[in-house]
Each structure stands twice: as C-alpha cells, then as structure tokens.
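To start, the structure under review is shown below, and the notes come after it.
The values are calculated or read from the model by the stated rules, or taken from the named source; none is laboratory data. Fair warning: this is a prediction, and the values are worked out from it, not measured in the lab. Positions of Cβ are generated from backbone atoms using ideal geometry, with glycine treated the same way; all protein chains shown enter the neighbour counts.
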Amino acid sequence: MPSTLLSRQQAKLIAVTEFWDWQLHARCRSTGSATFFAPDDEPAGQRIRRENDAKKICGDCPVEAHCLAHVLGTPNRTGCGAE
C-alpha cells in the first residue's frame, strides 16, 4: 500500500515538473522582472529601451513558444510576458 501512494505522489511531481521544466531553459531566467514589467509612470523613451531589451532577450530564446503559450493562457496581461 505505501508503495502505491508513493507512486501516485511521484507521478504528480513528475507531471508538475514536466509542465514547468521549460522555464529552466529560458534566457530571461536570470533577468530581473523590471525588464519585462514597467512602472506605471515610466517615460516613453525608457519604455521603448526597456521593451527593446526584453525583445533582445526573448528573440532567440529556446523556449519562446512555451513562454508565449504560457502568457496567452494566463489572465495577467501586464508586462512583456517573459518571466
């Protein structure tokens, strides 16, 4: 009986790990969130520079498609999307 319970717990852990594992390969992983989420009073010039920096990070990211799917599947629509 305990081995069955352990197997179910392991299966749940594996499912969660597989669901989020792509984030380990994201280029933005070590980038602060300020690159992707602007303050409300951000001047236009700073916003453009920040967004361009974010686009450079995301541009050749190996998990860009996973990230986009994640962003489109969540209700929060703020920021550039990469986290």
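Given the conditions (1) over 10 Å from the mean Cα position of the chain (by Cα); (2) modelled with pLDDT of 90 or more; (3) small (Gly, Ala, Ser), report the number of the one that residue 26 does not fulfil.
Only one criterion is unmet by residue 26, namely (1).
Report the residue count in the stretch 38-59 for those that are at pLDDT below 90 and exposed (fewer than 14 other Cβ atoms within 10 Å of the Cβ). Steps first, answer last, please.
Initial filter on the stretch 38-59 (at pLDDT below 90): 38-40.
Checking the rest, the ones that are also exposed (fewer than 14 other Cβ atoms within 10 Å of the Cβ) come to 39-40.
Of the residues in the stretch 38-59, 2 are at pLDDT below 90 and exposed (fewer than 14 other Cβ atoms within 10 Å of the Cβ).
Mind listing whichever residues of the stretch 18-34 are touching a residue at least 24 places away in the same chain (Cβ under 8 Å) and part of a helix (DSSP H, G or I)? Talk me through it step by step, then tell me what you get.
The first filter runs over the stretch 18-34 and keeps only residues touching a residue at least 24 places away in the same chain (Cβ under 8 Å), leaving 22-23, 25-28, 31, 33.
Hits for the stretch 18-34 are 22, 23, 25, 27, 28, 33.
Enumerate the pairs (first residue in the stretch 47-68 and free of Cβ contacts under 8 Å to residues at least 12 places away in the same chain; second residue anywhere and part of a loop (DSSP other than H, G, I, E, B) and surrounded by 15 or more Cβ atoms within 10 Å (Cβ to Cβ)) with beta-carbon separation below 8 Å, excluding pairs fewer than 6 apart on the same chain, so at least 6 apart or on different chains.
Cβ pairs passing all conditions: 47/38.
Go through the stretch 2-23 and count every residue that is over 19 Å from residue 63 (Cα atoms) and either modelled with pLDDT of 85 or more or hydrophobic (A, V, I, L, M, F, W, C) (or both). Outline the logic, then answer.
Filtering the stretch 2-23 down to residues over 19 Å from residue 63 (Cα atoms) leaves 2-14.
Filter once more, keeping what is either modelled with pLDDT of 85 or more or hydrophobic (A, V, I, L, M, F, W, C) (or both): 5-6, 11, 13-14.
Number of matching residues: 5.
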